[in-house]
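Structure, as structure tokens:
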Amino acid sequence: MVIVNPASGQSTSSSRRLSSCSRSLGKGVKLFQKVEALFAHANIHVTKVLTERAAHATELATAIDHTQYDALVIVGGDGVIYEVVQGLMQRPDWADVIQIPLAILPAGGGNGLAKSLTESSGEVYSFENCAYLAIKGQPQPLDLATLRSKTATKFIFLSLSWAFLAEMDFESEKYRFAGAQRFTISSLGKILSGKNWSGSFSYVEPTADEVVPTYWADGHDDGRAAPKLTLLPPSAEDPKPETWKTIEGNFSLFWAMNAAWAGTNGLVAPSAEFDDGYMHVVIMPGKVSMAEYMGVFLTLDSGRHVDKPTVQVIKTRAFEVKAPESDIMMADGERIDGGFCQVEVHRALGRVMAIRK
């Protein structure tokens, strides 16, 4: 099945103005038309469905008969992938359907997973090359993570941000007309604001000889309502283990990554792999100057920001963030309210189409 978001990369207000007649001319549809013949030449039968509203991809993923398809091709941005993952994980048979390989054809404003997949496959990032990965690639492990907030449990595949990055991501929605450059525009405005954030970040420290098991190493989760949690407290109200390490105070930057690229121009976590079992958390503790901010963001495209003295990269399998309730957190581009979340990574819980170098 191919799930196409015809309004990918557009603002919510713009997508609402798409009539049923003009919807077929949306960005996602036009991009897929460029590669549709490749699927036919590869003898791949395609069932194409267009999303019609917000969260429609979640509804489709919830209802799909997974026995009828070999893969789910998603034509859209990271937000559409997020919707599909939520739909699959809400099902009673989530343990079966989450193993359907996802193939990503980027058509949104944020395409971090698609960029990470092409780079790991040794391909130049383009829509056509992503289609090539969908057709010629093989199912590869994909880490997913449980995200528990005060009010809900979600499942993420790419990132969690707080502080500067979360507010920049949230406010970039008003600049969607600029495409991927909306993040640059929004970040400049946030740097100039001089705002600071305070809170705490607690995490599980990896051991030197640690080998992270894959989620399915212990067998199938028949009957379990959700992935088992082995590192987080029993509930959000329970205290975290005393063995966790905590950093408290001011934070200028917080960006937890499950893959190397947050977008086509942001190599946020150069050492991250989408199947290594860790979140790679990039932080800037304390207050930093405008020049230090600019130094980091001018080197994001190359990944050299991790060499800056103000930047730390922490690898962890589980963590907790506490901040004022008014603070914005963004999970795969979707807002998380309440100023609190706990995250645990499930290594190789899902699968994605790619080619290993």
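The values are calculated or read from the model by the stated rules, or taken from the named source; none is laboratory data. Quick caveat, the model's predicted, so the values are computed rather than measured. Glycine gets a Cβ as well: all are built from the backbone with ideal geometry, and neighbour counts include every protein chain shown.
Could we say that residue 321 is surrounded by fewer than 19 Cβ atoms within 10 Å (Cβ to Cβ) and either in a loop (DSSP other than H, G, I, E, B) or more than 15 Å from the chain's Cα centre (by Cα) (or both) here?
For residue 321, the condition - surrounded by fewer than 19 Cβ atoms within 10 Å (Cβ to Cβ) and either in a loop (DSSP other than H, G, I, E, B) or more than 15 Å from the chain's Cα centre (by Cα) (or both) - is not met.
Name the residue that is modelled with the highest pLDDT, counting only residues in the range 261-298 that are among the aromatic types (Phe, Trp, Tyr) and more than 13 Å from the chain's Cα centre (by Cα).
Only one residue fits best here, namely 278.
Looking at the structure I just gave you, is residue 97 of a type in the set (Val, Ile, Thr), more than 30 Å from residue 267 (Cβ to Cβ) and more than 22 Å from the chain's Cα centre (by Cα)?
Against the criterion (of a type in the set (Val, Ile, Thr), more than 30 Å from residue 267 (Cβ to Cβ) and more than 22 Å from the chain's Cα centre (by Cα)), residue 97 does not qualify.
Of the residues in the range 262-299, how many are farther than 27 Å from residue 246 by Cβ and without any contact (Cβ under 8 Å) to a residue 40 or more places away in the chain?
Count: 5.
Which is at pLDDT below 90, within 18 Å of the chain's Cα centre (by Cα) and over 16 Å from residue 272 (Cα atoms), of 350, 338, 333?
333
Just one of the numbered conditions (1) buried (at least 21 other Cβ atoms within 10 Å of the Cβ); (2) within 30 Å of residue 141 (Cα to Cα); (3) hydrophobic (A, V, I, L, M, F, W, C) is not true of residue 251; which one?
If we test residue 251 against (1) buried (at least 21 other Cβ atoms within 10 Å of the Cβ); (2) within 30 Å of residue 141 (Cα to Cα); (3) hydrophobic (A, V, I, L, M, F, W, C), just (2) comes out false.
May I ask you to list pairs of residues, at least six apart or on different chains, whose Cβ atoms are under 7 Å apart, with the first in the range 150-171 being in contact (Cβ under 8 Å) with a residue 40 or more places away in the chain and at positive phi and the second being surrounded by fewer than 24 Cβ atoms within 10 Å (Cβ to Cβ) and among the β-branched types (Val, Ile, Thr)?
none
What tally of residues in the range 49-69 results from selecting those that are within 19 Å of residue 30 (Cα to Cα) and either outside any loop (DSSP other than H, G, I, E, B) or in contact (Cβ under 8 Å) with a residue 60 or more places away in the chain (or both)?
Counting residues in the range 49-69 that are within 19 Å of residue 30 (Cα to Cα) and either outside any loop (DSSP other than H, G, I, E, B) or in contact (Cβ under 8 Å) with a residue 60 or more places away in the chain (or both) gives 3.
Within the range 345-357, work out how many residues are closer than 19 Å to residue 280 by Cβ and crowded, with 21+ Cβ neighbours inside 10 Å.
The total comes to 7.
Just for the range 155-187: of the residues that are of a type in the set (Phe, Trp, Tyr), in a helix (DSSP H, G or I) and crowded, with 23+ Cβ neighbours inside 10 Å, which one is modelled with the highest pLDDT?
Across the range 155-187, the extreme among qualifying residues is 164.
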